[in-house]
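**Student:** After the structure tokens below, expect a handful of questions from me.
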Amino acid sequence: MSIQEKQERIVKEFKVLQDWPERYKYIIKLGSKMDPLPEADKVDENLVKGCQSQVWLTADMNDGKVEYYADSDAAITKGLVALMVRFFSGHDPNTILTTNPDFIDEIGMAQHLSPTRANGLASMVKQMKIYAMAFKTKESLS
Amino acid sequence: MATTEVLVMEDTIKKDTTRLTTDWQAVRKQFPVLQQKVHGQPLVYLDNGASSQMPQSTIDRINRYHSAEHSNVHRGIHTLSQRGTDYYEETRKKVKKFINARHLEEVIYTTGTTDSINLVAQSYGRKYFREGDEIILSEMEHHANIVPWQMIAEQTGAVLRVIPMTDNGELKMDDFHHLLSDRTKMVAVVHVSNALGTINPVEEIIEAAHARDIPVLLDGAQAVPHSVVDMQKLDVDFYAFSAHKMCGPTGFGILYGKKELLQEMPPYRGGGDMIDKVTFEKTTWNDLPHKFEAGTPPIAVGIGLGTSLDYLNEIGMEQIEAREHELLDYATQELSKIEDVRIIGSSAKKASVISFLIGDIHPTDAGTILDQKGIAVRTGHHCAQPVMQHYNIPGTVRASLSFYNNEEDIDRLVEGIKYVKEFFG
């Protein structure tokens, strides 16, 4: 599935949810279903700097595609983090670097991605792109 | 509607009692921010510890400045500048009276509590701190009363000593007395904790420090807006607070300092307004308080604070303190009834701040859902990470109450908490 198709898919998933409690509950569910990050990876080096809830993020690359792994100690943040992991994982670094998670606006969660919001999600997206950039550089050197 | 007409039933109010005689419903109506809906529901504003709201009179006063009086203060020969200077300086007189300072020049304008503490740390500290000297802080300090001291400690070789606290959120006073020594050069503690609400025994702290000729700075950001604070009675050396926590606008604050101390302290920011004579060889300083007030200040904001002080005086700080206490008691009682709610900070003497956790729900999750219900609370570490480390928690949900809140707000918060529990249950 292309990253654009993924955007549309996520928006469609949220379309059927009637109101904010349903949307938030769905987001929390996405978080709880995400593969847990091994405790060994929940270390300071993997921490995304956010003001309030903690977000850990790691990544690796297989066959030119980046895979992300993440976790958070807050349920709503974790759900949003899971959405981002699902969105960006499985794509090549160039795609990740040139795509923004526009769906966040359409599913009514834009405020969570605001760089001024103290939940670390904006920093997380930035960190995901930094990983993509690093993999791209590494690839070009090998 | 004139403020004076509705605020207080003048004939019944007695300033020396805490009997509530104020028409609080009328008071609430004077805060336009509170009359709005958030996410479709009437706003319940419980983040007063971070920033309190401004009454209409302050907003009108600031508007008037911008529409009819704007120019620059001090030194201007024209009418607008002179008028502006008078209004701006009028606030200093009002502050002096409000905190009962001995002299007008003991009231220094700053940009807020943080700026006030930085001023003392840099100016007093650089002059007097030497290697091995000790600065005593407490475990419940806001970062604003930690970091400036860490910075000056690094510059001078002084070290920080910390008064520990109990699990109730009270300072261990025996430890404090033991920490005092000949090496102590400053005691800087919070008057009222922003994260826990604890009212600290500052009289005892000041007395013990003064017995050894050690100056005391109090972070009064959470104390001044909620009670009568008397500089002469406290005999404190430095006292810092912010306008925006006392129904004033943001970007303005006060440093109170004893005249004899301030006079000996060098300026810490240079520029216009703070000078006497400038040549490229040497500059001499202006007198107090202007020595510490370099550059064009936030004039509108300073004038606005004056109006906010008038407003608070009109209600009476005794009335405010009593009303907030009443609200705190009600909130504590109602929150305690909810299963799984754990109140953090249960000092015997508390101001109207309730920090709490709901089961193991992360404070940001709780805050996000409460916001959807139109309830504004603060979540996180409240810029007091050592306090959170003490309890080994990531943060708390904090409801901070002001006199314009009411029982209905607290009932809405209780409903909100129950909803949060259900939501994450």
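**Student:** Of the numbered conditions (1) under 26 Å from the mean Cα position of the chain (by Cα); (2) on the phi < 0 side of the Ramachandran plot; (3) away from every other protein chain (no Cβ under 14 Å), B:GLY345 satisfies every one except a single condition; which is it?
**Tutor:** The one condition B:GLY345 does not meet is (2).
**Student:** I need the full set of residues from region A:50-88 which are within 14 Å of chain B (Cβ to nearest Cβ) and not in a helix (DSSP H, G or I), in order please.
**Tutor:** A:GLY50, A:CYS51, A:GLN52, A:SER53, A:GLN54, A:VAL55, A:TRP56, A:ASP71, A:SER72, A:ASP73, A:ALA74
**Student:** Also: If we scan region B:356-365, do we find a residue that is assigned to a helix (DSSP H, G or I), surrounded by fewer than 24 Cβ atoms within 10 Å (Cβ to Cβ) and hydroxyl-bearing (Ser, Thr, Tyr)?
**Tutor:** There is no residue in region B:356-365 that is assigned to a helix (DSSP H, G or I), surrounded by fewer than 24 Cβ atoms within 10 Å (Cβ to Cβ) and hydroxyl-bearing (Ser, Thr, Tyr).
**Student:** For residues that are in contact (Cβ under 8 Å) with a residue 40 or more places away in the chain and open to solvent by less than 90 Å² (accessible area, probe 1.4 Å), tally how many sit in region B:70-93.
**Tutor:** Here the count works out to 9.
**Student:** Restricting attention to region B:198-226, and to residues there that are among the small types (Gly, Ala, Ser) and over 11 Å from the mean Cα position of the chain (by Cα), which single residue is surrounded by the most Cβ atoms within 10 Å (Cβ to Cβ)?
**Tutor:** The extreme case among them is B:ALA209.
**Student:** Further question: Would you mind finding the one in B:ALA221, B:ALA153 that is at pLDDT 95 or above and assigned to a helix (DSSP H, G or I)?
**Tutor:** Being at pLDDT 95 or above and assigned to a helix (DSSP H, G or I) holds for just one of B:ALA221, B:ALA153, which is B:ALA153.
**Student:** In region B:301-333, what residues are more than 21 Å from B:GLN25 (Cα to Cα) and more than 20 Å from the chain's Cα centre (by Cα)?
**Tutor:** Result: B:THR332, B:GLN333.
**Student:** Next up: Tell me, which residue of region A:19-47 that is within 14 Å of chain B (Cβ to nearest Cβ) and part of a loop (DSSP other than H, G, I, E, B) is surrounded by the most Cβ atoms within 10 Å (Cβ to Cβ)?
**Tutor:** Within region A:19-47, the match that is surrounded by the most Cβ atoms within 10 Å (Cβ to Cβ) is A:LYS42.
**Student:** Within the set of pairs 6 or more residues apart or between chains, which connect a residue that is in contact (Cβ under 8 Å) with a residue 12 or more places away in the chain inside region B:301-330 to a residue that is among the β-branched types (Val, Ile, Thr) and open to solvent by 10 Å² or more (accessible area, probe 1.4 Å) with Cβ atoms less than 6 Å apart?
**Tutor:** That search, which allows pairs on different chains as well, returns B:GLY304/B:ILE62; B:ILE315/B:THR22; B:MET317/B:VAL228; B:GLU318/B:THR18; B:GLN319/B:THR22; B:ALA322/B:THR18.
**Student:** What is the one condition in (1) exposed (fewer than 12 other Cβ atoms within 10 Å of the Cβ); (2) in contact (Cβ under 8 Å) with a residue 12 or more places away in the chain; (3) touching a strand residue (DSSP E or B) at 6+ places or on another chain (Cβ under 6 Å); (4) of a type outside the set (A, V, I, L, M, F, W, C) that A:ASP60 does not satisfy?
**Tutor:** (2)
**Student:** Count, please, the residues in region B:372-425 that happen to be of a type outside the set (A, V, I, L, M, F, W, C), in a helix (DSSP H, G or I), open to solvent by less than 10 Å² (accessible area, probe 1.4 Å) and within 14 Å of another protein chain (Cβ to nearest Cβ).
**Tutor:** The qualifying residues number 1.
**Student:** Return the only residue of B:GLN372, B:GLN389, B:GLN385 being out of contact with any Lys or Arg (no Cβ under 8 Å at 6 or more places or on another chain) and closer than 20 Å to A:ILE28 by Cα.
**Tutor:** After applying the criteria, what remains is B:GLN372.
**Student:** Looking at B:VAL341, is it within 27 Å of B:GLY248 (Cβ to Cβ) and either touching a residue at least 12 places away in the same chain (Cβ under 8 Å) or among the hydrophobic types (A, V, I, L, M, F, W, C) (or both)?
**Tutor:** Spelling it out, it is not the case that B:VAL341 is within 27 Å of B:GLY248 (Cβ to Cβ) and either touching a residue at least 12 places away in the same chain (Cβ under 8 Å) or among the hydrophobic types (A, V, I, L, M, F, W, C) (or both).
The values are calculated or read from the model by the stated rules, or taken from the named source; none is laboratory data. Computed from a prediction, not measured in an experiment: that's the story for all the values here. Heads up, the Cβs are rebuilt from the backbone with ideal geometry, glycines too, and the neighbour counts pull from every protein chain shown. We work out accessible area using only protein heavy atoms, side chains counted, and drop any ligands, DNA or RNA first. Shrake-Rupley method; radii C 1.70, N 1.55, O 1.52, S 1.80 Å.
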